[in-house]
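Below you'll find the structure, written out as structure tokens, and then a few comments.
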Amino acid sequence: MYPADSGDASLAAAPPPAAQGATVPHILEQDGHLGAWLERQGQPAWRARAIRRWLFERRAATFADMTDLPKDLRTGLDRDFRIWTTSIARHSKADDGTEKLLLALHDGQRIECVLLRDGDRRTVCISSQVGCAMGCVFCASGLDGVIRNLTTGEILEQLLRLQQLLPATERLSHIVVMGMGEPLANLDRLLPALAVAQDPEGLGISQRRITVSTVGLPAAIDRLAAENPGYHLAVSLHAAEDQLRTRLVPVNKSIGLVEVMAAADRYWEASGRRLTFEYVLLGGVNDSPEDAGRLARLLGRRAALVNVIPYNSVAGLEWREPSKGSQERFLDVLRQAGVNVQVRRRKGARIDAACGQLRRLERQA
Ligand code: SF4
């Protein structure tokens, strides 16, 4: 059972579609895949563009909806591809307009993705893996380690699912890859998905409106800088000295803050874009004025924005929210040191919108 505040029950749980076979590929799994298939069917290559247009612009939910395609082509697409390899296990909606989907994958695994409404912005937060290997101690997603990478199709399907929640007059404007998983540990599948998202024939979202978050994996940051430095990089710090950071983000033990910051600097040089550093504020753990002073010294004169995220308690975890007073003192120290800082409150707290929380509740139920 879900807790009473986990969303509008009327929105819950479409039954799983009958056909969830992993052997039937997602229509967007690989760009070349569809092109080769069309060729084998004796269809012109431009049909691929028409199909993408149906998916992204006209939001077709079935191949049968693609009414200007020949009927035998629609039948063939329906036989050989899937638009939906996931089913909606849970759909929750908060008073602030935030909507969250718990998706069941073809193999029974669950992931989460979120639509956030803020003024004209329609931001989606998507997952990149099932579970997470980084083991951040305050995060529900990492409690059981990583189970597998998401495929390119599964990453794109989250965008299609969330887009379906919008009225025809609205479109997705921003993407943050900050849901379950460490995005840079799955770059091989994430980058092709983001390429489709930014393609004018896909979602047409400028890469400047796409944020990729990481705990700071230097080799992967360097790869992203080499392949596509246009994305906005958000590095999750959570502590400004190694001992505490290793306690909170265990993967730090084999990397260290010096290497994380050096890789972030190289990304900044490649992209020319201001970096974002994320800092989850845990009551009594990393929220003292001394912690803030260490963070200000670590950042020095970098062109950076610090997102301070007051922690929301997670069922089963020991960490607690920082007090209002400690939050204010922490922010004061940063501001007085000239650090560009903003507080990011979690939207949709009533629907457990922190990453991994809904999936965990579902598994405990
Ligand atoms: S906070 Fe992010 S990187 Fe850390 S365990 Fe959770 S999902 Fe993984």
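The values are calculated or read from the model by the stated rules, or taken from the named source; none is laboratory data. Since the structure is predicted, the reported quantities are computational estimates derived from the model, not experimental observations. Please note: Cβ atoms are built from the backbone with ideal geometry, for glycine as well, and neighbour counts cover all protein chains shown.
Looking across segment 128-137 at every residue that is small (Gly, Ala, Ser) and in contact with a Pro (Cβ under 9 Å, 6 or more places away or on another chain), the one that is nearest to the ligand (Cβ to nearest atom) is identified as 135. Looking across segment 45-98, the residues that are within 24 Å of residue 167 (Cβ to Cβ) and among the basic types (Lys, Arg) come down to 52, 53, 58, 59, 90, 93.
Here residue 140 meets the list (1) within 16 Å of the ligand (Cβ to nearest atom); (2) without any contact (Cβ under 8 Å) to a residue 40 or more places away in the chain almost entirely, failing just condition (2). The number of residues in segment 280-327 that are assigned to a loop (DSSP other than H, G, I, E, B) and either modelled with pLDDT of 90 or more or surrounded by 13 or more Cβ atoms within 10 Å (Cβ to Cβ) (or both) comes to 19.
Pairs are defined by a Cβ separation below 6 Å, a sequence spacing of at least 6 or placement on different chains, a first member in segment 56-69 that is within 23 Å of residue 200 (Cβ to Cβ), and a second member that is small (Gly, Ala, Ser) and modelled with pLDDT under 95; the pairs so defined are 56/202. Whether any residue in segment 264-271 is in contact with a strand residue (DSSP E or B) (Cβ under 8 Å, 6 or more places away or on another chain), more than 13 Å from residue 225 (Cα to Cα) and at pLDDT 95 or above is what I want to check. No: segment 264-271 contains no residue that is in contact with a strand residue (DSSP E or B) (Cβ under 8 Å, 6 or more places away or on another chain), more than 13 Å from residue 225 (Cα to Cα) and at pLDDT 95 or above.
The single residue among 314, 260 that is within 16 Å of the ligand (Cβ to nearest atom) and either more than 19 Å from residue 135 (Cβ to Cβ) or in contact with an Asp or Glu (Cβ under 9 Å, 6 or more places away or on another chain) (or both) turns out to be 314.
Each row is one residue, and each column tells you yes or no for (1) in a helix (DSSP H, G or I); (2) under 28 Å from residue 169 (Cα atoms); (3) touching a helix residue (DSSP H, G or I) at 6+ places or on another chain (Cβ under 9 Å); (4) at pLDDT 95 or above.
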{"site": "5", "(1), (2), (3), (4)": "no, no, yes, no"}
{"site": "20", "(1), (2), (3), (4)": "no, no, no, no"}
{"site": "32", "(1), (2), (3), (4)": "yes, no, no, no"}
{"site": "45", "(1), (2), (3), (4)": "no, no, yes, no"}
{"site": "48", "(1), (2), (3), (4)": "yes, yes, yes, no"}
{"site": "58", "(1), (2), (3), (4)": "no, yes, yes, no"}
{"site": "64", "(1), (2), (3), (4)": "yes, yes, yes, yes"}
{"site": "75", "(1), (2), (3), (4)": "yes, no, yes, yes"}
{"site": "91", "(1), (2), (3), (4)": "no, yes, yes, yes"}
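Apart from one condition, residue 105 fits all of (1) within 19 Å of residue 23 (Cβ to Cβ); (2) within 16 Å of the ligand (Cβ to nearest atom); (3) surrounded by fewer than 22 Cβ atoms within 10 Å (Cβ to Cβ); (4) not small (Gly, Ala, Ser); the exception is (2).
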